[in-house]
Amino acid sequence: MMMGDQKATKQLTSLGVAEARAGLAAGQFTSVALPTACLERIERVDATLHAFLRTTPDEALAAASQADRERASGDARPLLGIPIAIKDVLMTTGIETTAGSRILRGFVPPYSATAVQKLQAAGAIILGKTNTDEFAMGSSTENSGFGPTRNPWDPERVPGGSSGGSAAAVAADEAPAALGTDTGGSVRQPASFCGIVGLKPSYGRVSRYGLIAYGSSLDQIGPITKTVTDAALILELIAGADPHDSTTMPVNAPDLSAALTGDIEGMRIGIPEEYFVEGIQPEVEDAVRTAIDHFASLGAEIVPIGLPNTELALPVYYLVVTAEASANLARYDGIRFGLSVDGDSIFDHFRQTRGAGFGPEVKRRIMLGTYALSAGYYDAYYLKAQQVRTLIKQDFDRAFTDVDVILSPTSPTTAFRIGEKVDDPLAMILTDIFTTSANLAGLCGISVPCGFDAGGLPIGLQLLGPSLGEEKILRSAYAYEQSTEWRLRRPVL
């Protein structure tokens, strides 16, 4: 490829969704050019990053050719011809879906997740499936059964998890945007570590149909993007009630793009003292406090608030989520789909299959959840956790009577080194200390870049809103993003 071609490819892969859509509408390039550029970029850099478990080049290029024909005939669907990466916990018709686990190696779903279907209905092209912690159980994407993903800002560091593959792909310009899932911070934390935008919708805002379940009362599908504008656009398209998922709320997606005015004059932003804890990386705290001052300069009112049950969020989360994981993962028995290992009896068959197919972190969480649900311990652990979960939700309910959004760090540190915490489950769990509460309470949240540490690693701030409060967090996030330059810095690979 000539040098000029390389420059053109770099320019195409650097585009976000809204920019790519505008370029296509103006005839500056073809739909075929976009996935072609992305696939070439993946070929050059993904041997280092391992953001993708598999790509679908033939299908993507065929869909792009069709998109060019449809655009020529007047089709104006919002994502027509734009490639999107999909986290490998979301079902995709005809494309292997493993949830990052050896136990599902070779599984090809007969249907796609509702969120994927909605993107394709809007004209999006599936570029491939991104790496994930096995069954989304992890905070670093080191727990994948197919090897870790690396951070584009420093390949010796993790991209966060469990949507680390999606975040790394977007940050490294391998895809304009991606879908991830957030059970305890798995969209927001990797977005923070990779210097991009990650949006966790309110529980019930987006259908979970076709999502391989981890914690069913906590899981939510959300976009990982280069800009707040792109996050709003994708959420508009994937949100809404779904008859296949009884937990979706009976509300249509609002016009979220209309919330991106840049005006936050008079908005009340709550600052929880409990989220600025001992042990937080000083550079992270400094960056977030500087961002708070910036919000004030934009006309927002800064309001100190208390969330007294914050310290209980992590133990409550890990009791609830492991209990739900224990139940959800019982279906993987080697009989109906996925890996099957012969045994001397049916029970030995189960043991052999699950022993060989599940990784150590998945086994750990299944055992914890099974114990919490077992006779004699249910009331002491799982039931008590659900009761405290209610108290955590009530903390937020009270806070949102006084403020519009809540601001905090997304993670207490920047990206840590690969292998640094993988053998220390408690240290790994603490990386989710600021994100899990939102899942327990069913809130919406977004992470946006707010600075860099001395090593050049991104720092993210988190904005939380009440259930169905996406307009508020997007409005405030957009105002901050557009009045700073953090979004303009990209990793060099």
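What's the number of the only condition in (1) buried (at least 17 other Cβ atoms within 10 Å of the Cβ); (2) free of Cβ contacts under 8 Å to residues at least 12 places away in the same chain that D293 fails to meet?
(1)
Can you tell me which residue is most open to solvent (accessible area, probe 1.4 Å) among those in the stretch 191-213 that are of a type in the set (A, V, I, L, M) and not in a loop (DSSP other than H, G, I, E, B)?
The extreme case among them is L211.
So, in the stretch 336-360, exactly how many residues are surrounded by fewer than 19 Cβ atoms within 10 Å (Cβ to Cβ), closer than 17 Å to S326 by Cβ and not basic (K, R)?
The total comes to 3.
Is there a residue being acidic (D, E), part of a strand (DSSP E or B), more than 15 Å from the chain's Cα centre (by Cα) and surrounded by fewer than 24 Cβ atoms within 10 Å (Cβ to Cβ) anywhere in the stretch 237-254?
yes
Being touching a Leu at 6+ places or on another chain (Cβ under 8 Å) and among the aliphatic types (A, V, I, L, M) is the filter; apply it to the stretch 16-27 and report the residue that is nearest to A168 (Cα to Cα).
Restricting to residues being touching a Leu at 6+ places or on another chain (Cβ under 8 Å) and among the aliphatic types (A, V, I, L, M), the top hit is V17.
Residues being under 23 Å from T225 (Cβ atoms) and free of Cβ contacts under 8 Å to residues at least 40 places away in the same chain: count how many of those fall in the stretch 77-114. First the steps, then the outcome.
Residues of the stretch 77-114 under 23 Å from T225 (Cβ atoms): 77-92, 95, 97, 99-100, 112-114.
Filter once more, so that each one left must be free of Cβ contacts under 8 Å to residues at least 40 places away in the same chain: 92.
Qualifying residue count for the region: 1.
Any residue at all in the stretch 162-185 that's over 17 Å from N439 (Cβ atoms), open to solvent by 10 Å² or more (accessible area, probe 1.4 Å) and either in contact (Cβ under 8 Å) with a residue 60 or more places away in the chain or among the basic types (K, R) (or both)?
Yes, the stretch 162-185 has at least one match.
Give me a count of the residues in the stretch 452-469 that are over 21 Å from G299 (Cβ atoms) and either open to solvent by less than 10 Å² (accessible area, probe 1.4 Å) or polar (S, T, N, Q) (or both).
Adding up the residues that qualify gives 5.
Of the residues Y371, Y382, which is among the aromatic types (F, W, Y), open to solvent by 20 Å² or more (accessible area, probe 1.4 Å) and out of contact with any Phe, Trp or Tyr (no Cβ under 9 Å at 6 or more places or on another chain)?
Y382
Quick one: which helices (runs of 4 or more DSSP H) lie wholly within the stretch 1-116 and hold at least 2 residues that are closer than 30 Å to L339 by Cβ?
Qualifying helices (runs of 4 or more DSSP H): 33-49, 57-72.
Considering only residues of the stretch 266-284 that are over 21 Å from L312 (Cα atoms) and among the charged types (D, E, K, R), which is surrounded by the fewest Cβ atoms within 10 Å (Cβ to Cβ)?
Step by step, filter the stretch 266-284, then rank; the result is R268.
Given the structure, is A99 among the hydrophobic types (A, V, I, L, M, F, W, C) and within 30 Å of G451 (Cβ to Cβ)?
It is false that A99 is among the hydrophobic types (A, V, I, L, M, F, W, C) and within 30 Å of G451 (Cβ to Cβ).
Let's see how each residue does on (1) within 28 Å of G419 (Cα to Cα); (2) modelled with pLDDT of 95 or more:
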{"site": "N309", "(1), (2)": "no, yes"}
{"site": "A313", "(1), (2)": "yes, yes"}
{"site": "Y318", "(1), (2)": "yes, yes"}
{"site": "T322", "(1), (2)": "yes, yes"}
{"site": "S326", "(1), (2)": "yes, yes"}
{"site": "D344", "(1), (2)": "no, no"}
{"site": "G357", "(1), (2)": "yes, yes"}
{"site": "G369", "(1), (2)": "yes, yes"}
{"site": "A375", "(1), (2)": "no, no"}
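Restricting the search to the stretch 400-413, which residues are open to solvent by 10 Å² or more (accessible area, probe 1.4 Å), touching a residue at least 12 places away in the same chain (Cβ under 8 Å) and more than 19 Å from Q220 (Cβ to Cβ)?
If we filter the stretch 400-413 for residues that are open to solvent by 10 Å² or more (accessible area, probe 1.4 Å), which is where we start, we get 400-402, 404, 412-413.
Narrowing the set further to residues that are touching a residue at least 12 places away in the same chain (Cβ under 8 Å) leaves 400, 402, 404, 412-413.
Correct list: D402, D404, P412, T413.
How many residues does the stretch 214-232 hold that are outside any loop (DSSP other than H, G, I, E, B) and either open to solvent by 10 Å² or more (accessible area, probe 1.4 Å) or of a type in the set (S, T, N, Q) (or both)?
The total comes to 2.
Go through the stretch 80-105 and report how many residues are over 20 Å from A167 (Cβ atoms) and buried (at least 21 other Cβ atoms within 10 Å of the Cβ).
Residues that pass the stated criteria total 5.
Please pick out the residue among A167, A213, A232, A175 that is within 14 Å of I446 (Cβ to Cβ), at pLDDT 95 or above, more than 13 Å from the chain's Cα centre (by Cα) and not charged (D, E, K, R).
A232
Can you report the number of residues in the stretch 475-490 which are in contact with a strand residue (DSSP E or B) (Cβ under 8 Å, 6 or more places away or on another chain) and either surrounded by fewer than 24 Cβ atoms within 10 Å (Cβ to Cβ) or within 30 Å of V45 (Cβ to Cβ) (or both)?
7
Find the residue count for the stretch 28-67, including only residues that are among the acidic types (D, E) and either more than 22 Å from Q120 (Cβ to Cβ) or buried (at least 18 other Cβ atoms within 10 Å of the Cβ) (or both).
3
For the stretch 302-335: of the residues being in contact (Cβ under 8 Å) with a residue 40 or more places away in the chain and of a type in the set (V, I, T), which is surrounded by the fewest Cβ atoms within 10 Å (Cβ to Cβ)?
The qualifying residue surrounded by the fewest Cβ atoms within 10 Å (Cβ to Cβ) is V303.
Of everything in the stretch 320-349, what is among the β-branched types (V, I, T) and within 23 Å of L373 (Cα to Cα)? Give them in sequence order. Break it down stepwise before answering.
The initial filter retains those residues of the stretch 320-349 that are among the β-branched types (V, I, T), namely 320-322, 335, 341, 346.
Matches in the stretch 320-349: V320, V321, T322.
Condition first: open to solvent by less than 60 Å² (accessible area, probe 1.4 Å) and of a type outside the set (F, W, Y). Now tell me which residues in the stretch 385-399 satisfy that.
In the first step, residues of the stretch 385-399 are kept if they are open to solvent by less than 60 Å² (accessible area, probe 1.4 Å); the result is 385-386, 388-389, 392, 395-396, 399.
Once the filter is applied, which keeps residues that are open to solvent by less than 60 Å² (accessible area, probe 1.4 Å) and of a type outside the set (F, W, Y), the stretch 385-399 yields A385, Q386, V388, R389, I392, D395, A399.
The values are calculated or read from the model by the stated rules, or taken from the named source; none is laboratory data. All of these numbers come straight from a predicted model, not from anything done at the bench. When we count neighbours, we look across all protein chains shown, and the Cβ atoms used for this are built from the backbone with ideal geometry, even at glycine. The area values use the complete protein model at the heavy-atom level, side chains included, leaving out ligands, DNA and RNA. Shrake-Rupley method; radii C 1.70, N 1.55, O 1.52, S 1.80 Å.
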